[in-house]
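Pasting a structure below so you can have a look.
The values are calculated or read from the model by the stated rules, or taken from the named source; none is laboratory data. As the structure is a computational prediction, the values presented were derived from the model and not from experiment. Glycine gets a Cβ as well: all are built from the backbone with ideal geometry, and neighbour counts include every protein chain shown.
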Amino acid sequence: MKALMFGWEFPPHILGGLGTASYGLTKGMAEQPDMDITFVIPRPHGDEDQSFAKIIGASFVPVVWKENSWEHVESRIGWIMHPDEYFWLRNGIKYDFRRIYTNDLGCIDFSGKYPENLIEEISNYEAVASVLAHQLDFDVIHSHDWLTYPAGRFAKQISGKPLVIHVHATDFDRSRGKVNPTVYNIEKTGMDAADHIMTVSNLTRRTVIEKYHQHPNKVTTVHNAVEPLKDAESFVKKPRKDKLVTFLGRITMQKGPEYFVEAAHRVLEKTKNVRFVMAGSGDMMNDMIELVAKRGIADRFHFPGFLRGRAVHDMLAQSDVYIMPSVSEPFGISPLEAMQVGTPSIISYQSGCAEILTNVVKTDYWDIDAMADAIYSIVTYPSMYKSLHERGLEEVNNIKWSDAGLKVRAIYDKVTGR
Amino acid sequence: MKNICFYFQIHQPFRLKHYPFFGIGQDHYYYDEFQTEDRIRELVEKSYLPANRIIAEMIRSSNGKFKCAFSISGIALEQFEFFAPEMIDSFKELAKTGSVEFLAETYAHSLASVYDQDEFVEQVNRHARKIENLFGKKPTVFRNSELIYSDEIGETVARMGYKAMLMEEVKYVMGWKSPNKLYHNPIYPKLKLLIRNNKLSDDISFRFSDTSWSDYPLTAEKYLSWISGMPDDEKIVNVWMGYEAFGFIQRAENGIFEFLKALPYHALEQGVAFMLPSEAIKKLESVEAPATLYPTSWSGSKDISAWNGNDLQQEALKKLYAVSERVKLSKDKPLLHDWLLLQSTDNFRYMSHSDAYGTHYSSPYEAFTNYMNVLADFLDRVEAQYPTSVENEELNALLKTINNQEKEIQRLEEELKKARSQKTSAK
């Protein structure tokens, strides 16, 4: 089974959860012996892990025919792609894309981020897809998230191969209801063209069915998993006098930071030996600092700012409780990461991961009393912490990408008729 | 001649209300009366009362040949008194027929037999008093909460004067031995043991209306033919279950009451009699039971791990029973009543990760948090009466002094009087 996947991000250069999820799934699927995956991303950096999938950078695929010597190509992109491959891909140019601005090799300079002209990049990605669809050999096309739906759809149109799209989020989650019509149009067209749709949670599945009017039979939930944390043992919880309750993520409306502050306030009314941390940044950060001051709990509430890399896991490991009161979260990988370092998590029912996790405390995002109660319970009753700690670790270590990969494979088999 | 020994259990906990931690130190009422009443009323209407009526009728029409035993926890009796007094009357009438026996158990349907000997004895006595008050007869056969049994518990029970105790058919204890005989405690042979027949009990309570079961549909005739066909040396079949099997677990529309009604007729026809536990121990010869070192029960795993198998349950139980001694010193009635209600096994069962039977919480963690918040308030109240800064023994001595004060004053006054009269007579 040969799959052509279109993605937007790939570790180590990631901007959000999409890259992590695409990477994990691809790696998990590669464990199937007859699985052959080609993963297309807009702009590779050359340090991506290619051991389990071939990575093609869209910014090195020619879409406009330009005459170049072998040596010139070698000197320009030899560090990442063999010149022979460049010339071979060049034979796949069947359409006139001269309207697009290209460089001396006939390639498009993708940013691979989320720039102002994102919509333009998305449609340029289509041009790349057409070349690849003509030249590569594959059985199924797999598009990760809305940015790559047009590319996948075009590849399907050219090759006649089935298209599977993977919904990591919808615009309804991102905008809390105020949907951007252009984005919606891209999403809807992609879904309509797809032979099958995968969603990361039942929550998202429902959105896809109800808001994008897809037939339920066409939509399957494949829950995300989490990559094992290799150096989990290196994160040791240091003993400290006060208990630590942590929120970690973008401080935006979608993540429900205000509910965390209110819950903290309630906990501090009753007990003093707890500190609260809101790590991350976002457009609601200043509002939150003000709210904390208004509630008079600023001496117990801390804003360390945006954390990256090891600091994230270390922050989680030092915490006694991790809390994610998201208002709408298609999946939400961070509670699983907290569990990997043994930290009990409190999550909202409105998060997709609540569908698969058992050893966490679940509350509604608006239910600050229940949230406060759960925080109080974990910091006060030792066995509550111990149970969530031990059982959570065991649970999260059994959530594997290879299992998600098998579900995706079953869908591939169905759409290809094998 | 084969005998069937029926016994039906009734227990429902006082459900705790949603008790967030803000309530600790403020709110001393812990129960969700609405839920508790709603639950008990539903059971009474759908199951207990219709079943009682049918049993009364069966006793009448069989001239007292149909017999069965009941075990009703003290807490369930309280709920009947509050919410369904007609149940008490109905049981009183059954008691008058003489064909019904009431068994002793722990008042609170608690784990005291495992965690607190003194409390256990006190609860059993309390329950026996209640049964005697209501139904006019002191129980002679003991049944522990959830059929928990070990030889050690058996010994305590025997010391309290009970002649027999009930026990679950536990494969890892019984091995190949048949449950259809009368046994006795290996260290204390005076204590007879009756053993529940697992299969025949669950056939009625869990499989009766299961259409995928190979013996579906179960008729009274078929059921009794299994019993009459048993080997000659197996004299007694103990069929025990929760009373809600009739009309609640097995719905009335599936014919469970008709099945019950048909039993005496087919029993008579196939030569099977009904027997009460207290009769069985008099009439049958007993053999020695294999040793039971660790507590067994009738839960799925047949041990007590459904109530104390995980860290949550262990912390809750440990903190609860740690104050037992202090609570017993108290004379504060509401405090003592809460002490009982908080001991119900259900509170701990809801915290089980694998076997939270009957839970109304969404997770064991929620059950634990709610219980611990309530317990924290309860412990605060105990602490307020008897601060932990005072040692138990010291406290005991102080209380003795206080309690004896009156006697002491009286004694001294008398002495004084004597001295005075001596003085006057000396003049």
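If A:PRO382 satisfies every condition in (1) farther than 20 Å from A:LYS270 by Cα; (2) free of Cβ contacts under 8 Å to residues at least 12 places away in the same chain; (3) within 14 Å of another protein chain (Cβ to nearest Cβ) but one, which is the exception?
All conditions are met except number (1).
Still on this model: Scan the range B:180-193 and give yes if some residue there is assigned to a helix (DSSP H, G or I), at pLDDT below 95 and either buried (at least 21 other Cβ atoms within 10 Å of the Cβ) or hydrophobic (A, V, I, L, M, F, W, C) (or both), otherwise no.
Initial filter on the range B:180-193 (assigned to a helix (DSSP H, G or I)): none.
No: zero hits.
Shifting gears a bit: Could you list all residues from the range A:284-302 that are closer than 16 Å to A:LYS272 by Cβ and either in contact with a Ser or Thr (Cβ under 7 Å, 6 or more places away or on another chain) or in contact (Cβ under 8 Å) with a residue 40 or more places away in the chain (or both)?
A:PHE301, the sole residue that qualifies.
Would you mention how many residues in the range B:132-152 are surrounded by 24 or more Cβ atoms within 10 Å (Cβ to Cβ) and over 24 Å from B:GLU315 (Cα atoms)?
3
Does the range A:169-220 hold any residues that are touching a residue at least 12 places away in the same chain (Cβ under 8 Å) and of a type in the set (Gly, Ala, Ser), and which are they?
Those that are touching a residue at least 12 places away in the same chain (Cβ under 8 Å) and of a type in the set (Gly, Ala, Ser): A:ALA169, A:GLY190, A:ALA193, A:ALA194, A:SER201.
Here's something else I'd like to know. Taking the stated definitions as given, is B:PRO277 more than 14 Å from every other protein chain (Cβ to nearest Cβ), in contact with a strand residue (DSSP E or B) (Cβ under 6 Å, 6 or more places away or on another chain) and surrounded by 14 or more Cβ atoms within 10 Å (Cβ to Cβ)? If you could, list the steps in order and put the result at the bottom.
Numbers: more than 14 Å from every other protein chain (Cβ to nearest Cβ): yes; in contact with a strand residue (DSSP E or B) (Cβ under 6 Å, 6 or more places away or on another chain): yes; surrounded by 14 or more Cβ atoms within 10 Å (Cβ to Cβ): yes.
The answer is yes for B:PRO277.
I'm checking my understanding of the structure. Among residues of the range A:355-372 that are within 11 Å of another protein chain (Cβ to nearest Cβ) and in a helix (DSSP H, G or I), which one is surrounded by the fewest Cβ atoms within 10 Å (Cβ to Cβ)?
A:ASP369
Additional query: Within the range A:80-103, restricting attention to residues that are of a type in the set (A, V, I, L, M) and assigned to a loop (DSSP other than H, G, I, E, B), which residue is farthest from A:ALA127 (Cα to Cα)? Quick ask: steps written out before the conclusion?
Taking the range A:80-103 first, the residues of a type in the set (A, V, I, L, M) are A:80-81, A:89, A:93, A:100.
Okay, now just the ones that are also assigned to a loop (DSSP other than H, G, I, E, B), so A:80-81, A:93, A:100.
Numbers: A:ILE80: 21, A:MET81: 19, A:ILE93: 9, A:ILE100: 9 Å.
In this case the residue turns out to be A:ILE80.
Could I ask something else about it? Which one of the conditions (1) assigned to a helix (DSSP H, G or I); (2) more than 8 Å from every other protein chain (Cβ to nearest Cβ); (3) out of contact with any helix residue (DSSP H, G or I) (no Cβ under 8 Å at 6 or more places or on another chain); (4) farther than 27 Å from A:LEU163 by Cα does A:ALA410 fail to meet, given that it meets all the rest?
Going through the list (1) assigned to a helix (DSSP H, G or I); (2) more than 8 Å from every other protein chain (Cβ to nearest Cβ); (3) out of contact with any helix residue (DSSP H, G or I) (no Cβ under 8 Å at 6 or more places or on another chain); (4) farther than 27 Å from A:LEU163 by Cα, A:ALA410 breaks only (4).
Checking the structure you have, find out if any residue of the range A:86-101 is touching a helix residue (DSSP H, G or I) at 6+ places or on another chain (Cβ under 8 Å), more than 12 Å from A:PHE60 (Cα to Cα), surrounded by 13 or more Cβ atoms within 10 Å (Cβ to Cβ) and polar (S, T, N, Q).
No, the range A:86-101 has no match at all.
Output the residues belonging to the range A:385-407 that are charged (D, E, K, R), under 23 Å from A:GLN350 (Cα atoms), more than 8 Å from chain B (Cβ to nearest Cβ) and in a helix (DSSP H, G or I). Please lay out each step first, then the result.
First, the residues of the range A:385-407 that are charged (D, E, K, R): A:386, A:390-391, A:394-395, A:400, A:403, A:407.
The next check asks that each one be under 23 Å from A:GLN350 (Cα atoms); those that pass are A:391, A:395, A:400.
Next cut, more than 8 Å from chain B (Cβ to nearest Cβ) only: A:395, A:400.
The one that is charged (D, E, K, R), under 23 Å from A:GLN350 (Cα atoms), more than 8 Å from chain B (Cβ to nearest Cβ) and in a helix (DSSP H, G or I): A:GLU395.
Moving on to the next point. Does the range B:405-414 contain any residue that is surrounded by fewer than 21 Cβ atoms within 10 Å (Cβ to Cβ) and touching a residue at least 40 places away in the same chain (Cβ under 8 Å)? Spell out the reasoning first.
From the range B:405-414, those surrounded by fewer than 21 Cβ atoms within 10 Å (Cβ to Cβ) are B:405-414; that's our starting set.
So of that shortlist, the ones also touching a residue at least 40 places away in the same chain (Cβ under 8 Å) come out as none.
No, the range B:405-414 has no match at all.
Any chance the range A:352-365 includes a residue that's of a type in the set (Phe, Trp, Tyr), touching a Gly at 6+ places or on another chain (Cβ under 9 Å) and either outside the structural domain of A:THR221 (by TED's automatic domain parsing) or under 19 Å from A:VAL277 (Cβ atoms) (or both)? Even if it seems obvious, please write down each step before you answer.
Taking the range A:352-365 and keeping what is of a type in the set (Phe, Trp, Tyr), we get A:365.
Cutting the leftovers down to touching a Gly at 6+ places or on another chain (Cβ under 9 Å) gives us A:365.
If we keep only those that are either outside the structural domain of A:THR221 (by TED's automatic domain parsing) or under 19 Å from A:VAL277 (Cβ atoms) (or both) as well, we get A:365.
Within the range A:352-365, one or more residues are of a type in the set (Phe, Trp, Tyr), touching a Gly at 6+ places or on another chain (Cβ under 9 Å) and either outside the structural domain of A:THR221 (by TED's automatic domain parsing) or under 19 Å from A:VAL277 (Cβ atoms) (or both).
Just checking: which of the strands (runs of 3 or more DSSP E) contained wholly in the range B:209-304 hold 1 or more residues that are touching a residue at least 60 places away in the same chain (Cβ under 8 Å), among the acidic types (Asp, Glu) and over 19 Å from B:PHE66 (Cα atoms)? Explain how you work it out, then say what you get.
Values: elements: B:236-242, B:272-274, B:286-288.
Correct list: B:286-288.
Within 14 Å of chain A (Cβ to nearest Cβ) and at pLDDT 80 or above: which single residue out of B:ALA419, B:ALA376 fits that description?
It is B:ALA376.
Right, something else. Contact list please: Cβ distance under 7 Å, first residue in the range B:358-369 and facing chain A (nearest Cβ under 7 Å), second residue of a type outside the set (A, V, I, L, M, F, W, C) and assigned to a helix (DSSP H, G or I), pairs at least six apart or on different chains.
If the second residue must be of a type outside the set (A, V, I, L, M, F, W, C) and assigned to a helix (DSSP H, G or I), the pairs left are B:THR369/A:ASP373; B:THR369/A:SER377.
Look through A:ILE197, A:ILE209, A:ILE251 and report the one residue that is among the hydrophobic types (A, V, I, L, M, F, W, C) and part of a helix (DSSP H, G or I).
Working: A:ILE197 fails: part of a helix (DSSP H, G or I); A:ILE251 fails: part of a helix (DSSP H, G or I).
Checking each option against the conditions leaves just A:ILE209.
Further question: Taking the range B:327-351 as the search range and keeping residues that are closer than 17 Å to B:LEU398 by Cβ and surrounded by fewer than 19 Cβ atoms within 10 Å (Cβ to Cβ), which one is modelled with the highest pLDDT?
Just the residues of the range B:327-351 that are closer than 17 Å to B:LEU398 by Cβ, to begin with: B:327-332.
Keeping just the survivors that are surrounded by fewer than 19 Cβ atoms within 10 Å (Cβ to Cβ) gives B:328-332.
Working: B:LYS328: 87, B:LEU329: 84, B:SER330: 86, B:LYS331: 86, B:ASP332: 91.
Per the stated criteria, the residue is B:ASP332.
For the range B:21-57, name all the residues that are among the aliphatic types (A, V, I, L, M) and either away from every other protein chain (no Cβ under 14 Å) or touching a Leu at 6+ places or on another chain (Cβ under 8 Å) (or both).
Start the filter on the range B:21-57 by keeping residues that are among the aliphatic types (A, V, I, L, M), which leaves B:24, B:40, B:43-44, B:49, B:51, B:54-56.
The answer is B:ILE40, B:LEU43, B:VAL44, B:LEU49, B:ALA51, B:ILE54, B:ILE55, B:ALA56.
Condition check: in contact with a Ser or Thr (Cβ under 6 Å, 6 or more places away or on another chain) and modelled with pLDDT of 95 or more. Does A:THR343 satisfy that?
yes
Among the candidates A:PHE235, A:PHE260, which residue alone is at negative phi and at pLDDT 95 or above?
Details: A:PHE235 fails: at pLDDT 95 or above.
Sole residue among the options that is at negative phi and at pLDDT 95 or above: A:PHE260.
Answer yes or no as to whether A:ILE375 is in contact with a strand residue (DSSP E or B) (Cβ under 9 Å, 6 or more places away or on another chain), at pLDDT 95 or above, outside any helix (DSSP H, G or I) and more than 8 Å from chain B (Cβ to nearest Cβ). Can you show your working first?
Details: in contact with a strand residue (DSSP E or B) (Cβ under 9 Å, 6 or more places away or on another chain): yes; at pLDDT 95 or above: yes; outside any helix (DSSP H, G or I): no; more than 8 Å from chain B (Cβ to nearest Cβ): yes.
When the stated conditions are applied, A:ILE375 does not pass them.
So is A:SER348 within 14 Å of chain B (Cβ to nearest Cβ), buried (at least 19 other Cβ atoms within 10 Å of the Cβ) and either more than 25 Å from A:VAL292 (Cα to Cα) or of a type outside the set (Phe, Trp, Tyr) (or both) or not?
Details: within 14 Å of chain B (Cβ to nearest Cβ): yes; buried (at least 19 other Cβ atoms within 10 Å of the Cβ): yes; either more than 25 Å from A:VAL292 (Cα to Cα) or of a type outside the set (Phe, Trp, Tyr) (or both): yes.
Yes; evaluated as a whole, the condition is true for this residue.
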